Ligand code: GLU
């Protein structure tokens, strides 16, 4: 009996690997094309780090005309969560990270290199395990959990490295006949890789992000096929990324120390290893301490947070690129209007120790991103968000034509307004443009420099009776506020006021403030000329009357 017979005995049904090698040929892509993927486990894909990795992998494949796919790693069936695949797929969609291949829902996939869910690939792994056994590079291990415990205890007592290796790897020295006999007797077993490595030897490796790293060789006879017939992560990774023709494995840096094992598996299987790029986790500054963004402590770690607050995907992606490559900021400054697809993301420029995430900055980026949206887009996105999270806002926005005017204030020009960071900001930002909201909310007009009743009343009455004309252009409109200031004995120009501060009680800006407060209840609003044009004379008058009533 030889290894081939043993392999046949263990996996009689498994195909020859040539079948799969032909079925999943080299991809016909242009030179330098990156094939990458994300490979989440269906245990709930709710961390923003998943989106970060997805964005990076997707962007690199896009930049090089490669392929980005989504593979579901569900070999640990105990940890599985219901509908988790749909959740993963939807989260990626929410952020506009479109896959070229991969799972579409719990069971279906698209693409010629599937199945893209590991539990549907059992036969494939078994074929490759069979191949290794037939080469004498893998073997059945019959150790019981008790025996493994005993080995561990002995190692602990002797203070030596734990694991199944060297002299501790009891089953690796069984003869073929012994192994066959145990199998025929119905003993339980799993399949282990027979590692050719030596712990006292070093391997050097160049990670695309981390640079040169050095590790001891792997000498552990790790499990490749578990008792349920499914592979371990290590084996599945190597088989899948080989057959799916992945060129770059971009994954969390918790896997960096597994590289010696993975390279060994690639080598022993006779495959070319992909490039590895290990991404450091997203970090957060916590009172001066840099720590991992944690789902338990930080709401912004959850993917759902962005959706609930209505932070647009464009802003999140822009910000994530910002922290991915530090040169992004300069690029953006030089190219304020280019789409992020034009930015050339480089793995070699990624932070080795972990990029810092800062919510305030993200919201700032959001303001700039939204400032470039058309009123129509702001409307569409806001109403979509409001339908799910804010019925009141949805109602407010019912009159689309009016809403477009309101949202169009100071938009589409050279210096657009930058006050909306997220869709949940919109209600507060526009509500004074709606009578119901305005009258129900305005309580206390807080006048500033000009705050005496008679002055306020006079400003408001004179303005609406003598000065306001709906047909005025902006310059005329403003000149009239100056005239009104003159009439009141205030400075018509701020300059004049500054030159003679004792001569005047107030200036034209203070008069504008009175108008603004009476009109909106606020001291800060976008362009008042535009606000007045949208409200129209009757409403302005009504609001001024209301403001005057409040004075008494
Ligand atoms: N399932 C692994 C994880 O979620 C994937 C790592 C990889 O990308 O290979 O960490």
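Test residue 550 against the stated conditions and say whether it is closer than 19 Å to residue 430 by Cα and assigned to a helix (DSSP H, G or I). In short, no.
Each row is one residue, and each column tells you yes or no for (1) free of Cβ contacts under 8 Å to residues at least 24 places away in the same chain; (2) under 20 Å from residue 446 (Cβ atoms).
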position: 495; (1), (2): yes, no
position: 504; (1), (2): yes, no
position: 512; (1), (2): no, yes
position: 519; (1), (2): no, yes
position: 524; (1), (2): yes, yes
position: 538; (1), (2): yes, no
position: 544; (1), (2): no, yes
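Of everything in region 445-489 that's without any contact (Cβ under 8 Å) to a residue 40 or more places away in the chain and not in a helix (DSSP H, G or I), which residue is nearest to residue 516 (Cα to Cα)? Across region 445-489, the extreme among qualifying residues is 451.
Hey, among 44, 32, which residue is assigned to a loop (DSSP other than H, G, I, E, B), more than 16 Å from the ligand (Cβ to nearest atom) and at positive phi?
Numbers: 44 fails: more than 16 Å from the ligand (Cβ to nearest atom).
None of the other options fit; the residue is 32.
Residues that are at pLDDT below 95, at least 1 per element: which helices (runs of 4 or more DSSP H) completely within region 84-198 meet that? Talk me through it step by step, then tell me what you get.
Numbers: elements: 84-94, 122-134, 145-157, 176-184.
In region 84-198, 84-94 are the helices (runs of 4 or more DSSP H) which contain 1 or more residues that are at pLDDT below 95.
Determine which single condition residue 205 fails, assuming it passes every other condition in (1) more than 23 Å from residue 10 (Cα to Cα); (2) crowded, with 16+ Cβ neighbours inside 10 Å; (3) within 14 Å of the ligand (Cβ to nearest atom). Residue 205 satisfies every listed condition except (3).
So, in region 214-225, exactly how many residues are within 16 Å of the ligand (Cβ to nearest atom) and free of Cβ contacts under 8 Å to residues at least 60 places away in the same chain? Can you show your working first?
First, pick out the residues of region 214-225 that are within 16 Å of the ligand (Cβ to nearest atom): 222, 224.
Among the residues that remain, those that are also free of Cβ contacts under 8 Å to residues at least 60 places away in the same chain are: 222.
Of the residues in that region, 1 qualify.
For region 237-259, the candidate set comprises residues that are over 25 Å from the mean Cα position of the chain (by Cα) and buried (at least 23 other Cβ atoms within 10 Å of the Cβ); within that set, the residue that is nearest to the ligand (Cβ to nearest atom) is 238.
Please verify whether residue 295 is closer than 21 Å to residue 59 by Cβ, touching a residue at least 24 places away in the same chain (Cβ under 8 Å), within 16 Å of the ligand (Cβ to nearest atom) and surrounded by fewer than 18 Cβ atoms within 10 Å (Cβ to Cβ), treating the condition exactly as stated. Spell out how you get there, then give the answer.
Details: closer than 21 Å to residue 59 by Cβ: no; touching a residue at least 24 places away in the same chain (Cβ under 8 Å): yes; within 16 Å of the ligand (Cβ to nearest atom): yes; surrounded by fewer than 18 Cβ atoms within 10 Å (Cβ to Cβ): yes.
It is false that residue 295 is closer than 21 Å to residue 59 by Cβ, touching a residue at least 24 places away in the same chain (Cβ under 8 Å), within 16 Å of the ligand (Cβ to nearest atom) and surrounded by fewer than 18 Cβ atoms within 10 Å (Cβ to Cβ).
Among the residues of region 16-29, the ones that are outside any helix (DSSP H, G or I) and either more than 21 Å from residue 71 (Cβ to Cβ) or within 16 Å of the ligand (Cβ to nearest atom) (or both) come to 1 in all.
Here is a yes/no grid of residues against (1) within 20 Å of residue 233 (Cβ to Cβ); (2) out of contact with any strand residue (DSSP E or B) (no Cβ under 7 Å at 6 or more places or on another chain); (3) surrounded by fewer than 20 Cβ atoms within 10 Å (Cβ to Cβ):
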{"position": "132", "(1), (2), (3)": "yes, no, no"}
{"position": "153", "(1), (2), (3)": "no, yes, yes"}
{"position": "165", "(1), (2), (3)": "yes, no, yes"}
{"position": "170", "(1), (2), (3)": "no, yes, yes"}
{"position": "175", "(1), (2), (3)": "no, yes, yes"}
{"position": "179", "(1), (2), (3)": "no, no, no"}
{"position": "185", "(1), (2), (3)": "no, yes, yes"}
{"position": "192", "(1), (2), (3)": "yes, no, no"}
{"position": "196", "(1), (2), (3)": "no, yes, yes"}
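Kindly indicate the residue of region 47-80 that is surrounded by fewer than 18 Cβ atoms within 10 Å (Cβ to Cβ) and more than 14 Å from the ligand (Cβ to nearest atom) and also farthest from residue 308 (Cα to Cα) among those meeting that condition. The selected residue is 65. Cβ separations smaller than 6 Å between residues 6+ apart or across chains give the following pairs from region 392-413 residues that are part of a loop (DSSP other than H, G, I, E, B) to residues that are buried (at least 21 other Cβ atoms within 10 Å of the Cβ): 397/403.
The values are calculated or read from the model by the stated rules, or taken from the named source; none is laboratory data. Since we're looking at a predicted model, the values are computed, not measured. Methodologically, a virtual Cβ is constructed for each residue, glycine included, from the backbone with ideal geometry; neighbour enumeration extends over all protein chains shown.
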